[in-house]
Amino acid sequence: MAAPLTFLATCDLVALVRGRSLETPAANGSTVGWVPADLALSSFGAIWDENPFGSLGDLRLRPVPGASYQMPKKDGAGAMTLLLAQQVLPDGSTWVNDPRAFAMDALEELKSEFGIELTASFEHEFILHGAAYDGSAFGLDALRAVEPFGSELVHLLRENGLEPENWLAEYGVNQFEITLGATDALKAADHAVVLREFVRDLARIHGLRASFTPLANPESVGNGVHVHLSLSKNGKPITYDPASPGNLSVTASKAFNGILKHAAALLPFTAPSQISFLRLQPHRWSSGGAFIAVQDREALLRICPVNTSGASPAEKTFNVEFRAADATANPWIVMGVLARALISGLRDDRGIVHIGATDEPLPRSLTEAIASLHQDPEVMSWFPKELLDTHLGIRSVEAAALENLSDAQKCERYLNVY
Ligand code: GLU
Ligand code: MG
């Protein structure tokens, strides 16, 4: 049997995992070469021509300590180690445009300025095609129809330290969901990158086809990526206060106010594809408006229920869910902008947030969201110029590529990539 390879991986601005492999013994402690302009690749392969990097420059992919994962195997064959890597300059120093560095920077600032650590977990919904029959929404039959995929996925996640929590058949036809336990925010984003690869790869091994596309077709139920967030200080949770509205402590309330304040300008980063806004419409249980509310699935920020019957104390599990992300967004960029928005809320002290549904709308298209971003200089200032320009340049490439297609055809294009 051929010796297994090790793949050094980055996740780019269209949330696709790219990198280079080495023979496993050679990979130990190694870095591999990488190209700055790769950051400008769009979902369908074309590069944004006017990207600031051009043909110049070199980078290295340097493995992140501890971020080593074993890809699924079939009958013992196909072993491969996945090492998440950071894009660094050839002298080993930070490349400011690296998406993971963007998240790290924001999380470090939250910690250094306010002493706050962010805890997170990602919930992923996806479509699984190719089973012998379609089961019912939330049905045992739907789960059984894709066995042993589900039990192997849960096992694979457990073996790789991703702490699976729930594996379920979702509401949509052929739609499933997998949730992970909460962990520190950077690791949670790492896990989101890896989870999507595990799911797609394991499905392939089983002759199934998985897709995290935001919408398989205009009539279908959307695939959300929901990000659960909570704050702690010196290892102690500080989000929960049973004496405050919505059980939200004053500090958490101010922080989440930052996400509401910048909501419209965050969406080009959390829902960046040409079809993301077909999902982000009212009455789809994705995100109907820019508000925070208790247990409301139409909210941008949903205050999750406190499980008082469980063994864990309420303050340990209490969290707020950001619902307007999808899997065309890079998880590190998502985490970076959410952390930056929390910092902004804590800094500008707008006071505690109004809890409850409002009619404050969210942008209804990516074009509207990008226009909102241009009117929010604070959000623009969070990014190194080259990173921001590249992120937006890619969207213009995709808009041009899909210009004359119907919504159904656009959905089909993303279904095939994600
Ligand atoms: N499928 C919905 C979405 O697009 C979420 C449904 C749920 O609350 O789980 O975000
Ligand atoms: Mg769900």
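Quick notes on this structure:
Residue-by-condition table, conditions (1) within 16 Å of ligand 1 (Cβ to nearest atom); (2) closer than 26 Å to residue 72 by Cβ; (3) without any contact (Cβ under 8 Å) to a residue 40 or more places away in the chain; (4) touching a Ser or Thr at 6+ places or on another chain (Cβ under 7 Å):
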| position | (1), (2), (3), (4) |
| --- | --- |
| 171 | yes, no, no, no |
| 177 | yes, yes, no, no |
| 202 | no, yes, no, no |
| 258 | no, no, no, yes |
| 271 | yes, no, no, no |
| 283 | yes, no, yes, no |
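- For residue 218, the conditions (1) over 16 Å from residue 334 (Cα atoms); (2) in a helix (DSSP H, G or I); (3) in contact (Cβ under 8 Å) with a residue 40 or more places away in the chain are fulfilled apart from (2).
- Counted as qualifying within the stretch 87-163 are the helices (runs of 4 or more DSSP H) with 2 or more residues that are at pLDDT 95 or above, under 25 Å from the mean Cα position of the chain (by Cα) and under 30 Å from residue 384 (Cβ atoms), namely 99-114.
- Condition met for residue 44 (within 29 Å of residue 400 (Cβ to Cβ), under 22 Å from the mean Cα position of the chain (by Cα), of a type in the set (Phe, Trp, Tyr) and part of a loop (DSSP other than H, G, I, E, B)): yes
- The set of residues in the stretch 108-138 that are open to solvent by less than 60 Å² (accessible area, probe 1.4 Å) and of a type in the set (D, E, K, R) comprises 109, 117, 123, 125.
- Positions within the stretch 239-283 being of a type outside the set (Ser, Thr, Tyr), within 28 Å of residue 220 (Cβ to Cβ) and not in a helix (DSSP H, G or I), in sequence order: 271, 272, 274, 275, 280, 281, 282, 283
- Within the stretch 69-86, considering residues that are open to solvent by less than 40 Å² (accessible area, probe 1.4 Å) and in contact with a helix residue (DSSP H, G or I) (Cβ under 8 Å, 6 or more places away or on another chain), the one nearest to residue 383 (Cα to Cα): 86
- Checked against the criterion of being out of contact with any helix residue (DSSP H, G or I) (no Cβ under 7 Å at 6 or more places or on another chain), of a type in the set (D, E, K, R), open to solvent by less than 30 Å² (accessible area, probe 1.4 Å) and on the phi < 0 side of the Ramachandran plot, the candidates 98, 141, 91 yield just one match: 98.
- Residues satisfying the stated conditions in the stretch 217-227, i.e. open to solvent by 20 Å² or more (accessible area, probe 1.4 Å) and within 13 Å of ligand 1 (Cβ to nearest atom): 220, 221
- Whichever residue in the stretch 53-68 is open to solvent by less than 60 Å² (accessible area, probe 1.4 Å) and farther than 12 Å from residue 85 by Cβ and, among such residues, is modelled with the lowest pLDDT: 57
- Residue among 357, 399, 371, 329 that is small (Gly, Ala, Ser) and within 18 Å of the chain's Cα centre (by Cα): 329
- Yes/no for residue 305 being in a loop (DSSP other than H, G, I, E, B), open to solvent by 50 Å² or more (accessible area, probe 1.4 Å) and within 26 Å of residue 235 (Cα to Cα): yes
- Qualifying positions in the stretch 341-370 - surrounded by 15 or more Cβ atoms within 10 Å (Cβ to Cβ) and in a helix (DSSP H, G or I): 341, 342, 343, 344, 345, 346, 366, 368, 369, 370
- Condition check for residue 156: within 16 Å of ligand 2 (Cβ to nearest atom) and either surrounded by 21 or more Cβ atoms within 10 Å (Cβ to Cβ) or among the small types (Gly, Ala, Ser) (or both): no
- Being within 16 Å of ligand 2 (Cβ to nearest atom), polar (S, T, N, Q) and open to solvent by less than 10 Å² (accessible area, probe 1.4 Å) is a description that applies to residue 211.
- Considering the conditions (1) open to solvent by 40 Å² or more (accessible area, probe 1.4 Å); (2) within 17 Å of residue 333 (Cβ to Cβ); (3) without any contact (Cβ under 8 Å) to a residue 12 or more places away in the chain, residue 388 is excluded by exactly one of them, (1).
- The requirement of being in contact with a Ser or Thr (Cβ under 8 Å, 6 or more places away or on another chain) and of a type in the set (Ser, Thr, Tyr) is satisfied by residue 328.
- Checking each residue in the stretch 390-414 for being touching a Phe, Trp or Tyr at 6+ places or on another chain (Cβ under 8 Å) and over 16 Å from residue 326 (Cβ atoms) picks out 390, 393, 396, 397, 401.
The values are calculated or read from the model by the stated rules, or taken from the named source; none is laboratory data. Because the structure is predicted, anything quoted here is derived from the model rather than measured. Note that each Cβ is placed from the backbone with ideal geometry, even for glycine, and that neighbours are counted across all protein chains shown. The area values use the complete protein model at the heavy-atom level, side chains included, leaving out ligands, DNA and RNA. Shrake-Rupley method; radii C 1.70, N 1.55, O 1.52, S 1.80 Å.
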